[in-house]
Amino acid sequence: MNPPDTIPHEQYFPTYRFRAGSSEAALKEYEAAVKILENDERIFAASTGFFIGGAGILFAALSQANSEIFTAVGVIFGDRTVLYIGWLLIIILSMLAATYFADKTAAVVHAARKVIVLRRMLGISYGSVDMVLPSNRVEGADEPFQIRMFDGWLSYKILPAYIIGIFSALLSVILFSRFISFIYTDANSIKSIVNLTNVPFFQISMTPILAGILSFVLVVGAFRAKLYESNENIFWSLAAAASALMRFQIKSNWPYVLYRIKLAVEESRRIGLPLEQFYPILTHVEDRSFFSHRGFSIRTLVAPIIRYARSKKLSGGSTITQQFVRSNFFISYRKKYRRKIAELLFSLWAERAFEKKQILDYYLVSVRFSKNVVGVDKAFQYFFPQIFVNEARRRQLTNVELFFLVERLSSIGPSMNIEKISAILGSLLSANIIKAEDCISIVEIYDYQISEGRIAISEAPKVKSLKDRVLMLRDPSGHALYQLFGPPPSGSAR
């Protein structure tokens, strides 16, 4: 584990306030931030107006240009060269213009978020009175991520991208219409069918139209990509769009949710909780192919189908990545079929936005272990309070604590599934992840949890039966113990 001074940290939204005596400096900073926001908004509005006017004038000039101009240019440089180089220049310049406006939009958003951060650090909060001060505006927002980089395809913020995209599309249509005969391989046969001596302004052909559509999509896409939040990518956009089409809701404040998860990881490191020690047991129990798949595996897709065919119940079949996105970014667990599709799509995003070990850390600090017990640090404190307060002991967990906490992921109630516990123990034994003596201590820990009231007292007979059988086995190799527990389960991912 890295020492505290070498752990990389991200800049998070602060939850503290300015110290007494520093409020005057904070107010000055706040005033400066507000002025920056006002100036950025003014510059953005002026730039938009200037571009719209200039684009209109340029388009009018080009639309009135005589076809002889295109012919002369084609004779000098070659028709195909003019067509393809000209189209490439149109797209590149349009995308540069779109990203310029995207940068201005991002500057306005960052300035607005800074105002909210400083306001909160000054102790000012408007609560959630949306009727008076809407929370999606800087006037009433209580957290910086309520001011979104991208407000949707119908927001006024994307108007410059639409204007540039339409302008680029029209230029592409004009260009391809002027040189339509050189798009086809056999230009002579086309000329024999269509008289190209007087090509109309908008040639009735799908090629110019498709070129215009592609130009529009590239320009608007460049604008949207420039406004991605941290850890957002094209896979998130596709997954969010598919979820909207399926009418499956996801959390709109997902950047803030992700920020809280990252903060929880840093807190676990600060208190010395070794998350990496959970990896072997966690991946073996929950998702054995975790380090090889890209969000989902064929086994995880086929397993629930087989179970549904047998029991008519749709359950399981989720990798750790799918469980991570489901438990943190979905509003409802209903609509199982649509939820499964959303899990697959968002798992593709997570696998490309984070490293494997990051996903495991995020999963551990955000998953529910019991009622009102969320995150491994809270679970450790809840189930093992005596160990938690001992820093040296907390930094070096045993297989007993590791197994128990991982097993509680699948049993978030006070009950126990002895058959499943036995199968998991046998599987871990066969993989040499735990030893035979660990099994005895693991079974005994359930007795302790029952005595503390964290597991239902009604489960005591099951634990006693399993404990009696385990204590009878003294085979140092652990083979007899493995035979007692039976073969490992055929699939590990839920």
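Checking the structure you have, find out if any residue of the stretch 270-280 is modelled with pLDDT of 90 or more, in the same structural domain as Ala239 (by TED's automatic domain parsing) and within 30 Å of Val109 (Cβ to Cβ).
no
What number of residues within the stretch 339-372 are under 9 Å from the mean Cα position of the chain (by Cα) and outside any helix (DSSP H, G or I)?
The total comes to 1.
Which one is modelled with the lowest pLDDT among residues in the stretch 310-335 that are of a type in the set (D, E, K, R) and touching a helix residue (DSSP H, G or I) at 6+ places or on another chain (Cβ under 8 Å)?
Going through the qualifying residues, I end up with Lys313.
Restricting the search to the stretch 275-293, which residues are of a type outside the set (Lys, Arg) and either free of Cβ contacts under 8 Å to residues at least 40 places away in the same chain or part of a loop (DSSP other than H, G, I, E, B) (or both)?
Asp287, Ser289, Phe290, Phe291, Ser292, His293
Looking at this structure, is Val199 more than 18 Å from Gln322 (Cα to Cα) and either modelled with pLDDT of 90 or more or touching a His at 6+ places or on another chain (Cβ under 6 Å) (or both)?
Values: more than 18 Å from Gln322 (Cα to Cα): yes; either modelled with pLDDT of 90 or more or touching a His at 6+ places or on another chain (Cβ under 6 Å) (or both): no.
No.
Taking the stated definitions as given, is Ser415 in a loop (DSSP other than H, G, I, E, B), hydroxyl-bearing (Ser, Thr, Tyr), at pLDDT 80 or above and surrounded by fewer than 17 Cβ atoms within 10 Å (Cβ to Cβ)?
yes
From the residues in the stretch 156-186 that are modelled with pLDDT of 85 or more and of a type in the set (Ser, Thr, Tyr), which one is farthest from Ser237 (Cα to Cα)?
Within the stretch 156-186, the match that is farthest from Ser237 (Cα to Cα) is Ser172.
For the stretch 150-179, what are the residues that are without any contact (Cβ under 8 Å) to a residue 60 or more places away in the chain and part of a loop (DSSP other than H, G, I, E, B)?
Selection gives Asp151, Gly152, Trp153, Leu154, Ser155.
Please indicate, with yes or no, whether at least one residue in the stretch 355-364 is modelled with pLDDT of 90 or more, closer than 30 Å to Ser458 by Cα and surrounded by 14 or more Cβ atoms within 10 Å (Cβ to Cβ).
Yes, there is a match, as at least one residue in the stretch 355-364 is modelled with pLDDT of 90 or more, closer than 30 Å to Ser458 by Cα and surrounded by 14 or more Cβ atoms within 10 Å (Cβ to Cβ).
Quick check on the stretch 426-444: of everything there that is in a helix (DSSP H, G or I) and among the β-branched types (Val, Ile, Thr), which residue is farthest from the chain's Cα centre (by Cα)?
So, considering only residues that are in a helix (DSSP H, G or I) and among the β-branched types (Val, Ile, Thr), the one farthest from the chain's Cα centre (by Cα) is Ile440.
Please verify whether Val108 is within 26 Å of the chain's Cα centre (by Cα), buried (at least 20 other Cβ atoms within 10 Å of the Cβ), at pLDDT below 80 and in the same structural domain as Leu210 (by TED's automatic domain parsing), treating the condition exactly as stated. Working first, answer last.
Values: within 26 Å of the chain's Cα centre (by Cα): yes; buried (at least 20 other Cβ atoms within 10 Å of the Cβ): yes; at pLDDT below 80: no; in the same structural domain as Leu210 (by TED's automatic domain parsing): yes.
No: the conditions fail for Val108.
The values are calculated or read from the model by the stated rules, or taken from the named source; none is laboratory data. Small disclaimer: the values here were computed from a predicted structure and weren't measured. Don't worry about glycine lacking a Cβ; one is built from the backbone with ideal geometry, like all the others, and counts go over all protein chains shown.
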